[in-house]
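Peer 1: For reference, the structure I am asking about is given below.
Rule-based calculations on the coordinates, nothing more; no lab input. Please read all numbers here as calculations on a predicted model, not as lab measurements.
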Ligand SMILES: *Cc1c(COP(=O)(O)O)cnc(C)c1O
């Protein structure tokens, strides 16, 4: 006799993380949208100092970090909630809005955590197909029903790359019932270069909008786990109610504060990534691949049935990418040398059968 578990667990799609190399393997790690840059010296020093406080619980309110984030974005501290990565904020948003059977609308394919966390919350996922590898806001608005409590919009969309246009998001928000919480998951906001792209902060005067940001991507703290939301005080208070106590560690809080203080170094690193992104995408297009607009730190190859086979070709060229069976391959922008390896793989692919679907 095994303990009785919730039936939802048996049907849950597992979160498939990007592949990691085994010890001693020299792979370019382009599978998880991490930055290739190690933490800045100032950030590493803050981490070391925080470890000295490791016998104390972290500040459960993360006051210093919340105030630093609020000051950085020009909002009130009552509008900022922090969490163990912004994926924790997605879970908190679900816990705060969705009861059993309530509907959660999101595009698919999008961030892999959405279906898992939605089902785990007992809510009903409503998945709206992408159009030309981008979110289809008209179809998303049409998918909202009386049962909808939450809409998750990922911009730039992971894994496909395009960002939502600000004017289209405004129209969407005007159309959607104001008691439906609309989340703009902007994990890659710092990499966005399209001036027409949405910046969710422009909509924070609307009580039903929440913006998610993270220190995991551009800031390079994926291993330290800290993300945050910006939202109305009422939504922020609800997010704090449902958070797991002490889930943002002393080291995470301290490194996030130190990272916010290093904006010029951040800008240099982001520029290095976006310049490489332009080079890689242009090269892939010239090889004949169909690469959608890339506004994050990754490019998307919609290879459909050839996705897994293509990932194996990249691996032969020393590159770990993230395949999604039947849909495509996502490759993170790494160092120039890593990106060169990726392009070598793409050249080989363009000559092989797996590349024929391009
Ligand atoms: C990476 C990512 C996140 C969050 O990652 P955390 O490490 O949990 O902060 C959230 N949304 C999207 C779309 C992402 O790609």
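Peer 1: With a cut-off of 8 Å between alpha carbons and a minimum separation of six or more residues, what is the relative contact order of the chain in percent?
Peer 2: Reported as a whole number, the value is 22 percent.
Peer 1: Hey, got the Cα dimensions of the chain along the principal axes, in Å, largest first?
Peer 2: So the extents along the principal axes, rounded to whole Å, are 57, 55, 50.
Peer 1: DSSP beta bridges in segment 169-323, what fraction antiparallel, as a percent rounded to 5?
Peer 2: Approximately 55 percent, going by the DSSP bridge assignments.
Peer 1: Over all distinct Cα pairs, what is the inverse of the mean 1/r for segment 189-341, reported as the Kirkwood hydrodynamic radius in Å?
Peer 2: Result for segment 189-341, one decimal place: 17.9 Å.
Peer 1: Need one number: % antiparallel among DSSP beta bridges in the chain, to the nearest 5.
Peer 2: The antiparallel proportion sits near 45 percent.
Peer 1: I've got another one for you. Give the value in nm², to one decimal: projected area of the alpha carbon convex hull of segment 209-285, averaged over all directions.
Peer 2: 7.1
Peer 1: Rounded, prolate or oblate, given the Cα gyration tensor of segment 24-118, with a/c below 1.5 counting as rounded?
Peer 2: oblate
Peer 1: Can you say what percent of the DSSP beta bridges in segment 91-157, counting only those with both residues inside, are antiparallel? Round to 5.
Peer 2: So the antiparallel bridges in segment 91-157 amount to around 10 percent.
Peer 1: Now a separate question. Is it possible to state the helix-based mean residue ellipticity at 222 nm for the chain, with each DSSP H run of 4+ residues giving -39500 (n - 2.57), the sum divided by total residues, to the nearest 500 deg cm²/dmol? What is it?
Peer 2: Computed ellipticity for the chain at 222 nm equals -11000 deg cm²/dmol.
Peer 1: I need the per residue convex hull volume for segment 275-315, using only the alpha carbons, in cubic angstrom as a whole number.
Peer 2: Each residue corresponds to 81 Å³ of Cα convex hull volume.
Peer 1: Once the mean 1/r over all distinct Cα pairs of segment 118-198 is inverted, what Kirkwood radius in angstroms do you read off?
Peer 2: After inverting the pairwise mean of 1/r, the radius is 13.4 Å.
Peer 1: Please provide three numbers in whole Å: the alpha-carbon extents of segment 104-143 along the principal axes, with the largest listed first.
Peer 2: Extents along the principal axes: 29, 19, 9 Å.
Peer 1: List the equivalent ellipsoid semi-axes of segment 62-213 in whole Å, largest first, each obtained as the square root of 5λ for an eigenvalue λ of the Cα gyration tensor.
Peer 2: Equivalent ellipsoid of segment 62-213: 22, 19, 15 Å, largest first.
Peer 1: For segment 172-255, what does the equivalent ellipsoid look like in terms of its semi-axes, each the square root of 5 times an eigenvalue of the Cα gyration tensor, given largest first in whole Å?
Peer 2: For segment 172-255, the ellipsoid semi-axes come out as 24, 19, 8 Å.
Peer 1: Compute the whole-percent fraction of alpha carbon pairs in segment 251-358 spaced more than 16 Å apart.
Peer 2: Counting pairs separated by more than 16 Å, the tail of P(r) holds 59 percent.
Peer 1: If one puts a single equal scatterer on every Cα of segment 200-242 and applies the Debye formula without solvent, what log₁₀ I(q)/I(0) results at q = 0.18, 0.21, 0.22, 0.29 Å⁻¹?
Peer 2: -0.58, -0.72, -0.75, -0.93
Peer 1: Give the shape of segment 1-56 as rounded, prolate or oblate, defined through the alpha-carbon gyration tensor: a ≥ b ≥ c are the square roots of its eigenvalues, a/c under 1.5 means rounded, and otherwise the shape is prolate if a/b is larger than b/c and oblate if not.
Peer 2: Oblate shape, in that a/c is at least 1.5 and b/c is the bigger or equal ratio.
Peer 1: Specify whether the C-alpha gyration tensor of segment 27-69 places it in the rounded, prolate or oblate class, a ≥ b ≥ c being the square roots of the eigenvalues: rounded for a/c under 1.5, otherwise prolate if a/b is larger than b/c and oblate if not.
Peer 2: Cα axes put segment 27-69 in the prolate bin.
Peer 1: Using Stokes-Einstein with the Kirkwood hydrodynamic radius over Cα pairs, what translational diffusion coefficient do you get for segment 50-95 at 10 °C and a viscosity of 1.306 mPa s, in µm²/s rounded to a whole number?
Peer 2: Using the Kirkwood radius from Cα pairs, D works out to 132 µm²/s.
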